[in-house]
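Structure first, then comments.
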Amino acid sequence: MSDFTRIKWGGPEPEDQWEQDIWLMARRTALLYLHFSRAIIDRLGPEEGKALIKDVVLEYGRECGRHVRREVDEMGAEPSPANFHTVADLPSRGWRREAHQLPNGQDQVQTRLCPLAVVFAEQGEEELGRIYCWVDQAKVEGYNDALECVHAHNVLDGDAFCEIIIREKATGSE
């Protein structure tokens, strides 16, 4: 039994103090995002408000992606899908992930717990949370616009896990 006071939230019990600390910060971040989003929607209305929120999330994500690209460039590496993950962009703890090998031998990660998604669901704000998830597509775009990011699965859509696929964009000749 650990000696830390466990948080009470809509997710599972944290495994240790590190995980709990990440979850606490993720909770604060998600709640701040939701409060800003609700205020924007209240002021501008649902259609215009959600459009503005998505625009801001996309620009934020592109900035994060450009940062990853600069780090990859400094390493002298190619901006490939594999190298996108060589630069730390999120905490190494707090998101519970499982790696699976695809039939082609490639590893694919499934996120079983995203602390942000836990808060979005706990607050009944899956739709606003899902808008936030566009940060992933924008990060990849900011990193290398020849790549695309697809949410193959997302817990906020009712799936059991989140799965993000980063791949080369299909060319028009295929």
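Each value in this text was obtained by applying a stated rule to the coordinates, not by laboratory testing. Not measured: the values here are computed from a predicted model. Reconstructed Cβ throughout: ideal geometry from the backbone, glycine too, with neighbour counts over all protein chains shown.
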Phe161, Phe120 arranged by Cβ crowding within 10 Å, fewest neighbours leading:
Phe161, Phe120
Magnitude of the Cβ-charge dipole of the range 124-174, K/R +1 and D/E -1, about the Cα centre, nearest 20 debye?
160 debye
Per the helix-only model, the chain has a calculated mean residue ellipticity at 222 nm (DSSP H runs of ≥4, -39500 (n - 2.57) each, divided over all residues, rounded to the nearest 500) of -16000 deg cm²/dmol
I'd like the distance separating the alpha-carbon centroids of the range 110-127 and the range 1-80, in whole Å.
11 Å
Show log10 I(q)/I(0) for the chain at q = 0.15 Å⁻¹, two decimals, from a solvent-free Debye sum over equal Cα scatterers.
-0.97
Rounded to the nearest 20 Debye, what is the dipole magnitude of the range 17-168 about its Cα centre when Lys and Arg each give +1 and Asp and Glu each give -1 at the C-beta?
380 debye
List the DSSP H helices in the chain whose Cα atoms stretch 20 Å or more along the helix axis and whose mean Kyte-Doolittle hydropathy is at least -1.0.
17-44, 46-74
